[in-house]
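Student: Questions regarding the structure given below will be posed in turn.
The values are calculated or read from the model by the stated rules, or taken from the named source; none is laboratory data. Just so it is clear, the structure is predicted and the values come from calculations on it, not from any experiment. FYI the Cβ positions are ideal-geometry reconstructions off the backbone, even for glycines, and counts take in every protein chain you see.
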């Protein structure tokens with residue numbers, strides 16, 4: 001697959017994910033306040049739509065019914081957006097801009113952002129439960145729901161956010177790679193794992209395939225997060241779209257500070273190589289997935 | 001049923017609900033930070049456990065399997081607690097005490113409280129999805145999940161909280177009973193409706209029974225909330241356990257300010273009477289439910 005072909009397919013799949021997200025967004029339905037608008041603003045503020053894209057792609061590649069996967073794909077983006085809305089809050093990262101636009105609390109106020117984040121998280125499950133019904137109560141759909149819920153929660157993504165917050169407060173010390181991995185595996189890898197695994201569950205894939213996809217999601221997430229650590233010291237604000245050297249300024253432990261820039265680069269490459277190797281074990285054509293892995297770790301912003 | 005018998009049954013059912021909640025609470029599972037502890041603190045800080053109690057009671061009364069209803073009952077309390085944790089945050093009600101104990105953000109900090117509230121909401125769905133599997137993927141269990149998710153979300157409880165926040169900010173005007181009802185039906189009645197309805201769905205009750213229970217939940221919720229408005233002007237701080245006349249001081253529209261004390265009392269009685277009348281239509285013994293309705297609206301704190 002040429003890079004041009006990959007980019008074309010990526011664009012098509014991103015557009016599809018975008019349209020699925022829009023289709024499943026909450027409507028105003030006569031609600032007299034701003035909550036549905038706040039939820040829509042948060043989701044429509046942009047993003048690569050990676051998680052829904054991955055879920056839909058894997059479901060299709062594994063021979064599943066894309067339309068039955070739509071609510072689950074949309075739900076992944078709602079959960080992801082909910083976490084960004086709360087992450088940006090004054091009490092956590094205190095960011096007023098994301099992707100060049102005012103964050104939800106900057107646009108609608110702090111209390112509205114707290115509740116809209118809650119409502120997006122809850123809405124993800126409203127949509128997932130509709131998805132279970134649409135899929136005719138199949139065990140694969142319930143398994144997909146289970147994977148998404150567990151990877152999002154206290155033992156998954158939210159647990160990782162919790163450790164990040166404790167690290168910033170100085171009550172948790174990520175002073176070795178083991179602890180850093182524990183956080184990264186949860187805050188970044190867990191939702192990527194969930195997207196790939198849920199897509200396969202919805203297609204009725206076997207346990208081995210789901211488990212290979214969990215490993216691929218883990219490795220992609222780790223490579224992606226380590227690349228973040230690297231970009232913080234090698235990129236510039238214009239390219240990155242956010243201030244650089246912020247980890248250094250905040251004295252935050254990263255792969256770079258714990259392993260050196262060269263060591264971090266090597267680890268990111270190892271995880272990428274491992275993800276690509278695992279993708280070769282999948283019982284379906286994984287050309288696009290391999291393209292995606294290469295694309296994600298070669299990003300410069 | 002004598003009042004003493006009712007109180008005995010209420011105590012037994014509250015103890016049962018309490019034990020179900022404790023059984024389903026997240027464990028530490030080797031997590032190196034404070035998130036599971038923060039979640040447990042929030043849930044174990046107390047409460048009447050009304051929602052899980054109602055769900056378990058209705059499931060039992062309608063001939064269902066109590067053990068299959070347990071995860072759903074626990075989930076109701078996790079969703080309710082999540083909403084209290086976020087409601088108490090500095091950006092919303094800014095309360096440092098609830099039931100005489102430090103609120104979650106007062107005990108663990110604001111960022112931990114935001115994430116623990118999120119994790120509790122998510123955990124409710126982790127547990128509900130486990131419940132669907134435990135119930136053998138029955139349609140009644142998925143229906144219960146659907147009712148709980150919808151009544152909790154943007155068109156239910158969280159939507160009501162959103163309007164409450166907008167009212168406090170002065171961007172939404174509850175200047176007539178219709179608008180006040182819209183908020184009360186969501187912020188207070190929705191989770192009571194969900195508890196009663198989900199209990200019936202889990203027992204495989206017919207649609208008419210579920211719909212009667214929705215009406216009962218609505219009426220209980222409204223009576224309960226109007227009673228809150230009344231107690232704000234008739235009780236004293238010691239009895240109520242929180243400052244009185246807070247609605248008056250905040251110039252907040254309530255049933256009392258819009259209808260007079262006498263008018264509010266009459267409306268609360270109407271809703272109570274209606275709930276009891278509806279309870280008589282249920283195809284099972286509703287003695288305890290009627291006792292509970294009377295008990296809830298005669299509370300003085």
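Student: Do we have residue A:226 as surrounded by 24 or more Cβ atoms within 10 Å (Cβ to Cβ) and either closer than 28 Å to residue B:127 by Cα or within 14 Å of chain B (Cβ to nearest Cβ) (or both) here? Step through it out loud before you land on a result.
Tutor: Numbers: surrounded by 24 or more Cβ atoms within 10 Å (Cβ to Cβ): yes; either closer than 28 Å to residue B:127 by Cα or within 14 Å of chain B (Cβ to nearest Cβ) (or both): no.
Considered against the rule, which asks whether it is surrounded by 24 or more Cβ atoms within 10 Å (Cβ to Cβ) and either closer than 28 Å to residue B:127 by Cα or within 14 Å of chain B (Cβ to nearest Cβ) (or both), residue A:226 comes out as no.
Student: Across the range B:133-142, which residue is farthest from the other protein chains (Cβ to nearest Cβ) among those that are in contact (Cβ under 8 Å) with a residue 12 or more places away in the chain, part of a helix (DSSP H, G or I) and under 27 Å from residue A:158 (Cβ atoms)?
Tutor: Going through the range B:133-142, the residues in contact (Cβ under 8 Å) with a residue 12 or more places away in the chain turn out to be B:134-135, B:138, B:140-141.
Filter once more, so that each one left must be part of a helix (DSSP H, G or I): B:134, B:140-141.
Going one step further and asking which of them are under 27 Å from residue A:158 (Cβ atoms), we end up with B:134, B:141.
Numbers: B:134: 11, B:141: 9 Å.
Going through the qualifying residues, I end up with B:134.
Student: A further question follows. If you check B:61, B:45, B:17, B:68, which single one turns out to be in contact (Cβ under 8 Å) with a residue 40 or more places away in the chain, in contact with a strand residue (DSSP E or B) (Cβ under 8 Å, 6 or more places away or on another chain) and buried (at least 18 other Cβ atoms within 10 Å of the Cβ)?
Tutor: It is B:45.
Student: Read through the list (1) buried (at least 17 other Cβ atoms within 10 Å of the Cβ); (2) in a helix (DSSP H, G or I), then give the number of the only condition that residue A:244 fails.
Tutor: Among (1) buried (at least 17 other Cβ atoms within 10 Å of the Cβ); (2) in a helix (DSSP H, G or I), the lone unmet condition for residue A:244 is (2).
Student: Given the options A:204, A:199, name the one that is crowded, with 22+ Cβ neighbours inside 10 Å and more than 14 Å from every other protein chain (Cβ to nearest Cβ).
Tutor: Criteria check complete, one pass: A:199.
Student: Can you find, within the range A:71-100, the residue that is surrounded by the most Cβ atoms within 10 Å (Cβ to Cβ) among those that are at pLDDT below 95 and farther than 26 Å from residue A:166 by Cβ?
Tutor: A:99
Student: Could you identify the single residue in B:156, B:117, B:109, B:160 that is surrounded by fewer than 24 Cβ atoms within 10 Å (Cβ to Cβ), out of contact with any strand residue (DSSP E or B) (no Cβ under 9 Å at 6 or more places or on another chain) and either modelled with pLDDT of 95 or more or facing chain A (nearest Cβ under 8 Å) (or both)? Break it down into steps so the answer makes sense when it comes.
Tutor: Values: B:156 fails: surrounded by fewer than 24 Cβ atoms within 10 Å (Cβ to Cβ); B:117 fails: surrounded by fewer than 24 Cβ atoms within 10 Å (Cβ to Cβ); B:160 fails: surrounded by fewer than 24 Cβ atoms within 10 Å (Cβ to Cβ).
It is B:109.
Student: Also, I was wondering about something else. When the residues of the range B:155-174 are narrowed to those that are free of Cβ contacts under 8 Å to residues at least 24 places away in the same chain and not in a loop (DSSP other than H, G, I, E, B), which ends up nearest to residue A:30 (Cα to Cα)?
Tutor: B:162
Student: For the range B:202-215, indicate whether the set of residues that are on the phi > 0 side of the Ramachandran plot, more than 14 Å from the chain's Cα centre (by Cα) and at pLDDT 95 or above is non-empty. Before you say what the answer is, go through the steps one by one.
Tutor: Applying the first criterion (on the phi > 0 side of the Ramachandran plot) to the range B:202-215 yields B:204.
Imposing the further condition that a residue be more than 14 Å from the chain's Cα centre (by Cα) reduces the set to B:204.
From the residues that got through so far, the ones that are at pLDDT 95 or above too are B:204.
Looking through the range B:202-215, at least one residue is on the phi > 0 side of the Ramachandran plot, more than 14 Å from the chain's Cα centre (by Cα) and at pLDDT 95 or above.
Student: Which one of these is more than 14 Å from chain A (Cβ to nearest Cβ), in contact with a helix residue (DSSP H, G or I) (Cβ under 6 Å, 6 or more places away or on another chain) and within 22 Å of residue B:294 (Cβ to Cβ): B:11, B:49?
Tutor: On the way: B:11 fails: in contact with a helix residue (DSSP H, G or I) (Cβ under 6 Å, 6 or more places away or on another chain).
Answer to the check: B:49.
Student: Additional query: Against the definition (over 17 Å from the mean Cα position of the chain (by Cα), touching a residue at least 24 places away in the same chain (Cβ under 8 Å) and within 14 Å of chain B (Cβ to nearest Cβ)), how does residue A:26 come out, yes or no? Before the answer, list the steps.
Tutor: Working: over 17 Å from the mean Cα position of the chain (by Cα): yes; touching a residue at least 24 places away in the same chain (Cβ under 8 Å): yes; within 14 Å of chain B (Cβ to nearest Cβ): yes.
Judged against the criteria, residue A:26 is a match.
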